[in-house]
Amino acid sequence: MRKASSIHYEFDGRHQGISHGGIGLIHLLARKTGLLKEIDEHIELLKPHLPYHESDHIANVAYNILAGGTCLQDIDLQRNGNAWLTALGAQTINRR
C-alpha cells in the first residue's frame, strides 16, 4: 500500500467552497452541449433580453432543484453566495 506523503494543503483565505461543487460542471455541460443556446432560440418568455435571457431563468430554477432547493426562496440564498456565483461564472447584481 502506498502512502500519500507528498500531499499538502494550503489555505490562503481566497478560496471558497460550496456543498454543491459540481454545479459549475453541470453549467459547463449545459453550455458546451448547446442546451442553453437551444433554450434561448426556442423559448420566448422575455421581451427585452437585458441583461438576462430565457436560459438564465430556466437554468436558475433547474440548478436550484439540483442543489436541493425546494422553493423559490432557496434561489435567493444561492444567489447571495459568492462561491455559488463563482462556480457558475455569474456576476453579482447590486440591489438598491
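Taking first residues from the range 54-78 that are without any contact (Cβ under 8 Å) to a residue 24 or more places away in the chain and partners that are assigned to a loop (DSSP other than H, G, I, E, B), the Cβ contacts under 6 Å between residues at least 6 apart in sequence or on separate chains come to E54/I43; E54/L45. The residues on offer are A59, A83, A67, and the sole one that is among the hydrophobic types (A, V, I, L, M, F, W, C) and either over 17 Å from H20 (Cα atoms) or in contact with a Phe, Trp or Tyr (Cβ under 9 Å, 6 or more places away or on another chain) (or both) is A67.
Conditions tested, residue by residue: (1) assigned to a helix (DSSP H, G or I); (2) hydroxyl-bearing (S, T, Y).
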position	(1), (2)
L36	yes, no
D40	yes, no
L45	no, no
P51	no, no
S55	yes, yes
I58	yes, no
V61	yes, no
T70	no, yes
L85	yes, no
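If you filter the range 24-55 down to residues that are among the basic types (K, R) and farther than 19 Å from L66 by Cα, you find that the one that is surrounded by the fewest Cβ atoms within 10 Å (Cβ to Cβ) is K47. When Q73 is tested against (1) more than 16 Å from L36 (Cβ to Cβ); (2) at pLDDT 85 or above; (3) surrounded by 12 or more Cβ atoms within 10 Å (Cβ to Cβ), just one condition goes unmet, and that condition is (3). Set side by side, the residues G24, G68, G34 differ, and just one is at pLDDT below 90 and among the small types (G, A, S), which is G24. So, in the range 34-88, exactly how many residues are touching an Asp or Glu at 6+ places or on another chain (Cβ under 9 Å) and small (G, A, S)? So the count comes out to 3.
The values are calculated or read from the model by the stated rules, or taken from the named source; none is laboratory data. This is a predicted model, so every value here is computed, not measured. Virtual Cβ from ideal backbone geometry, glycine too; neighbours counted across all protein chains shown.
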